[in-house]
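Below is one structure; the comments refer to it alone.
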There are 2 protein chains.
Amino acid sequence: MRAAVFHGAGDIRVEQVPDPRIEEPTDAVVRITHAAICGSDLWPYRGFNPWQAGWRIGHEWLGVVEDVGTAVDTVRRGDWVLAPFSFSDGTCEFCRRGLQSSCVQAGFWGTTRDGGQGEAIRVPMAAGTLVPIPKDVDRDEALLTKMLLLTDVMATGHHAAVSAGVRAGGTVAVVGDGAVGLCGVLAAQRLGAERIIAVGHHADRLALAQRFGATDLVSGTDAEAIAQVQDLTSGGAASVMECVGHKTSMDVAFAIARAGGTVGFVGQPHGSEVVNIRRMYRDNVALRGGIAPVRAYIPELMIDVLAGTLDPSPVLDQTVSLSDVSAGYVAMDTRQALKVLVRM
Amino acid sequence: MRAAVFHGAGDIRVEQVPDPRIEEPTDAVVRITHAAICGSDLWPYRGFNPWQAGWRIGHEWLGVVEDVGTAVDTVRRGDWVLAPFSFSDGTCEFCRRGLQSSCVQAGFWGTTRDGGQGEAIRVPMAAGTLVPIPKDVDRDEALLTKMLLLTDVMATGHHAAVSAGVRAGGTVAVVGDGAVGLCGVLAAQRLGAERIIAVGHHADRLALAQRFGATDLVSGTDAEAIAQVQDLTSGGAASVMECVGHKTSMDVAFAIARAGGTVGFVGQPHGSEVVNIRRMYRDNVALRGGIAPVRAYIPELMIDVLAGTLDPSPVLDQTVSLSDVSAGYVAMDTRQALKVLVRM
């Protein structure tokens, strides 16, 4: 089959790789129809993560089950399925508690395993990992595109909201106008936040934030943004969603959190090891979050997608074929695209 | 009157200072009968905090109201009262929400104001700050000693437990066997934790932790302690109380937190700006806490002290007169005393 392969910073190629096959009785093989490029794929693409040439890439995907091992009875050949960005056994303490991201057998797509940006994928622990789409969606391209976003970005935005303690009637500030931040706005709106302040740097993305439910849009330098949010909220937001992962965005998040409030963070930390512990201490500002337990969130989010009340698909503003996946990386790296859909 | 005055690292003297008097109609003046030396007083004493010669010190105290301003109607002359380590107006948003430590008018005892280690103290915003002891305790030395500990250390230990999400039947690890950590053990026991693992370095203090309800005692190097707690809990404690404030104790706390768990921290941060954000991210370990909103906790803790079900007083293992307060600092600095009571 063909799949995207990392060869170095700025160098993603589509190449022939071995076809996946059932290796364990708990495996499934899925033919991928839709995939996406994630902001976190840009970390290795830009050379910030220590990746090796030859590694596979991509972790947002959905498709059709092609084969299952003898121990898999939750899905069968021909089912439409999606999966979180990590696999999990579904049975350990953490899976049972809804923290599948810390599954004792958890692992991620890509690197030395099949990646999501390819024609097919071997899925370990398929019963714990795969979620069938409970509807005949064969030709429903719009629905499949929405579903694809539940594999990571929408669930991650939701996790930021949950971690930040967003609740009905509350005030929340969302730091970052990338796809995760925008999905975070949508998640906060879905959870009933009354005031949603989107903090970003791009007019077009902030316009989408508004469409997703943001009540206030804030941009400018970090200092200006902090001052604006402080002014809008008279002392900060009780919930702040940090959706970037940089030290600067984390600093902004702490600076706009209300005393007693919570910063929910989901951005993969890059340079944010040094937190504003004095602000946390002085004003009891909590820091919660991390990698999203996507598997726990997919069912409830899927219900809303099927009901037509949740649609994160506007974050996908460009489509490429698998052959052109490299162009998709360029488009996201240069911010010509917000998020790229890859059609096989 | 006489009061303790800071003159430099290792140099605390008792000197004549101006008598406090009512300056605002919202003030009270309290004659102090009991005070204590806090672990956090040792920061300036050891030269770690930028303090100026001539500043006053001490923030744990109780006594008898000597005078009140015309606007104070919650306490009157002759009442026994105690106060948190900070004063607060009792009316702002944060006071109403039980986060009096972030009161918009909050301030601390000592430095350029009267300190707690002295014969009397001017109390701003007395109606918001002072808590009367609802009983004639004139000669009940044992009860007064217990009450004194509600002004900071017991309430701070309680805040660590609350911040760490300690709940009935849960497992908690307490990092630090100082007075705060020991009161944290007591707080966790009071909240119904089933398993309480005390992590410390001193056999006598760990013995007191056991008396306070610790079910397991862990000591040794940090690496050994981490391994022991991991072993005892098969993967870490859901709640971890960080009761020191050093980088090393914070690192231990993150290393023994269970995936999805919470580190509740109350130690004044000294070098702990660099947190283990990767552990937090990878396993959704939250960090909550900070300076304790003591004013919010005093009433419920006082009820238990009055009922005889809460007694933190064993952490006070040495008593000095005000004249000898300097000897009290030496005893705590050299760990000959766990916590020192100062009797006027």
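Laid out as a table, the results:
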| item | result |
| --- | --- |
| Condition met for B:Glu224 (more than 13 Å from chain A (Cβ to nearest Cβ), under 21 Å from B:Gly165 (Cα atoms) and more than 20 Å from the chain's Cα centre (by Cα)) | no |
| Single residue of A:Gly192, A:Gly98, A:Gly115, A:Gly176 found to be over 28 Å from A:Trp43 (Cα atoms) and at pLDDT 95 or above | A:Gly192 |
| Residue within the range A:293-306 that is at pLDDT 95 or above, touching a helix residue (DSSP H, G or I) at 6+ places or on another chain (Cβ under 9 Å), over 30 Å from A:Lys135 (Cα atoms) and not in a strand (DSSP E or B) present | no |
| Test: A:Thr334 is out of contact with any Asp or Glu (no Cβ under 9 Å at 6 or more places or on another chain), over 18 Å from A:Phe85 (Cα atoms), touching a residue at least 12 places away in the same chain (Cβ under 8 Å) and surrounded by fewer than 21 Cβ atoms within 10 Å (Cβ to Cβ) | no |
| Any hit, the range A:148-158, residues being in contact (Cβ under 8 Å) with a residue 12 or more places away in the chain and surrounded by fewer than 24 Cβ atoms within 10 Å (Cβ to Cβ) | no |
| Every residue from the range A:239-250 that is farther than 22 Å from A:Met154 by Cα and within 12 Å of chain B (Cβ to nearest Cβ) | A:Lys247 |
| Test set (1) farther than 28 Å from A:Val263 by Cα; (2) outside the structural domain of B:Ala83 (by TED's automatic domain parsing) - B:Lys247 fails condition number | (1) |
| Exclusive hit being under 19 Å from A:Cys183 (Cβ atoms), touching a residue at least 12 places away in the same chain (Cβ under 8 Å), in contact with a Pro (Cβ under 8 Å, 6 or more places away or on another chain) and within 14 Å of chain B (Cβ to nearest Cβ), set A:Arg288, A:Arg295 | A:Arg295 |
| Which numbered condition A:Val162 misses (of (1) under 19 Å from the mean Cα position of the chain (by Cα); (2) part of a loop (DSSP other than H, G, I, E, B); (3) buried (at least 18 other Cβ atoms within 10 Å of the Cβ)) | (2) |
| Odd one out for A:Gly271 among (1) within 13 Å of another protein chain (Cβ to nearest Cβ); (2) buried (at least 17 other Cβ atoms within 10 Å of the Cβ); (3) in contact with a His (Cβ under 9 Å, 6 or more places away or on another chain) | (2) |
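Condition check ((1) among the basic types (Lys, Arg); (2) touching a residue at least 24 places away in the same chain (Cβ under 8 Å); (3) within 14 Å of chain A (Cβ to nearest Cβ)) across all residues:
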| residue | (1), (2), (3) |
| --- | --- |
| B:Val263 | no, yes, yes |
| B:Ala307 | no, no, no |
| B:Ser326 | no, yes, no |
| B:Lys339 | yes, yes, no |
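Residue by residue, here is whether (1) in the same structural domain as B:Phe254 (by TED's automatic domain parsing); (2) closer than 24 Å to B:Thr319 by Cβ holds:
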| site | (1), (2) |
| --- | --- |
| B:Leu144 | no, yes |
| B:Ala168 | yes, no |
| B:Gly178 | yes, yes |
| B:Leu182 | yes, yes |
| B:Val185 | yes, yes |
| B:Arg190 | yes, no |
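The values are calculated or read from the model by the stated rules, or taken from the named source; none is laboratory data. The structure presented is a predicted model; accordingly, all values stated were derived computationally and were not measured. No Cβ is skipped: glycine too gets one built from the backbone with ideal geometry, and neighbour counts run over all protein chains shown.
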